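Working notes, beginning with the structure itself.
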Amino acid sequence: MGVREFRQGNRYILYDADLIASPQQLVFDASDWAARSAIIGFAEGRGTTFFVQHEGRDFVLRHYLRGGFIARVSADRYVWLGLRRTRAFREWHLLARMREMSLPVPQPAAARVIRRGLFYTADLMTVRIPEATTLSELLTREPLAEGYWIALGSLLLRFHVSGVYHADLNANNILLDRGGRFHLIDFDRGRLRRPARHWQEANLNRLRRSLDKLANRSPEFHFSEEDWENLLTGYRSAGLA
């Protein structure tokens with residue numbers, strides 16, 4: 001990975017030179033990508049995540065947005081505490097570290113931070129995981145076989161044993177690719193922690209709540225208690241649950 005930084009005025013870009021040849025020409029605004037006819041898809045969540053093509057590769061572009069009550073005051077501005085502590089730079093470096101640990105997460109490509117006085121806005125670009133679908137979307141169509149749930153539990157254990165804390169583990173942040181492999185995405189506010197049972201269990205409980213919430217919304221959502229027990233079977237493979 002060729003990690004580089006580029007600054008132009010109040011704009012800071014962190015990028016992988018093996019993926020991005022010209023950071024000076026890199027844009028992060030959806031309107032600019034649309035003008036280039038380079039948007040190839042999108043996903044709705046907290047704001048819109050765009051899939052774009054750049055220099056022969058498919059990327060995922062996400063603008064950092066606030067949630068909760070504070071979003072009513074400021075939708076996308078964060079307090080400046082230094083470049084290294086910005087949401088985008090922290091997530092970029094966390095993704096790079098997890099990939100060094102051989103964990104299935106997106107490859108970071110570029111991060112942009114724009115400072116405006118005491119505040120900043122931020123964007124993140126990652127390499128798109130090909131032919132992958134979110135767990136929530138999959139379960140709206142069909143149930144998952146027992147083996148998938150066991151594999152997912154085993155994967156979550158790998159992250160936890162490695163000390164990876166996902167701040168928003170839910171069914172929309174888990175992808176399954178065509179080869180049957182799971183990936184975790186969206187590590188905003190994630191971090192490496194000392195492995196401990198209390199936060200690991202809280203992580204699992206957050207995922208369970210998201211699955212229950214989706215199941216309560218639609219009787220056609222394919223999730224059962226048996227599915228969850230299969231997930232825990234995979235997670236307990238090392239006796240940590």
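The table that follows gives values for the structure above.
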item	result
Strands (runs of 3 or more DSSP E) contained entirely in segment 1-62, each with at least 3 residues that are touching a helix residue (DSSP H, G or I) at 6+ places or on another chain (Cβ under 8 Å)	3-8, 11-16, 47-54
Considering residues of segment 58-73 that are exposed (fewer than 13 other Cβ atoms within 10 Å of the Cβ) and not aromatic (F, W, Y) only, the residue modelled with the highest pLDDT	G67
Any hit, segment 204-220, residues being assigned to a helix (DSSP H, G or I) and of a type in the set (G, A, S)	yes
Among (1) closer than 21 Å to L14 by Cβ; (2) without any contact (Cβ under 8 Å) to a residue 12 or more places away in the chain - the single one V113 does not satisfy	(2)
Any pair with Cβ under 7 angstrom, 6 or more apart, that starts in segment 166-188 at a residue that is in contact (Cβ under 8 Å) with a residue 40 or more places away in the chain and over 18 Å from L144 (Cβ atoms) and ends at one that is of a type in the set (G, A, S) and not in a strand (DSSP E or B)	D188/A167
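Per-residue answers, yes or no, for (1) among the charged types (D, E, K, R); (2) over 19 Å from D29 (Cα atoms); (3) assigned by TED's automatic domain parsing to the domain that holds W199:
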{"position": "D76", "(1), (2), (3)": "yes, no, no"}
{"position": "L103", "(1), (2), (3)": "no, yes, no"}
{"position": "A111", "(1), (2), (3)": "no, no, no"}
{"position": "R141", "(1), (2), (3)": "yes, yes, yes"}
{"position": "E146", "(1), (2), (3)": "yes, yes, yes"}
{"position": "W149", "(1), (2), (3)": "no, yes, yes"}
{"position": "L152", "(1), (2), (3)": "no, yes, yes"}
{"position": "L156", "(1), (2), (3)": "no, yes, yes"}
{"position": "H166", "(1), (2), (3)": "no, yes, yes"}
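Residue-wise test of (1) out of contact with any strand residue (DSSP E or B) (no Cβ under 7 Å at 6 or more places or on another chain); (2) buried (at least 21 other Cβ atoms within 10 Å of the Cβ); (3) more than 30 Å from A122 (Cα to Cα).
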{"position": "L152", "(1), (2), (3)": "no, yes, yes"}
{"position": "L169", "(1), (2), (3)": "yes, yes, no"}
{"position": "F182", "(1), (2), (3)": "no, no, no"}
{"position": "E201", "(1), (2), (3)": "yes, no, yes"}
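The values are calculated or read from the model by the stated rules, or taken from the named source; none is laboratory data. Because the structure is a prediction, the values reported are computed rather than measured. Note that we place each Cβ from the backbone using ideal geometry, even for glycine, and neighbour counts take in every protein chain shown.
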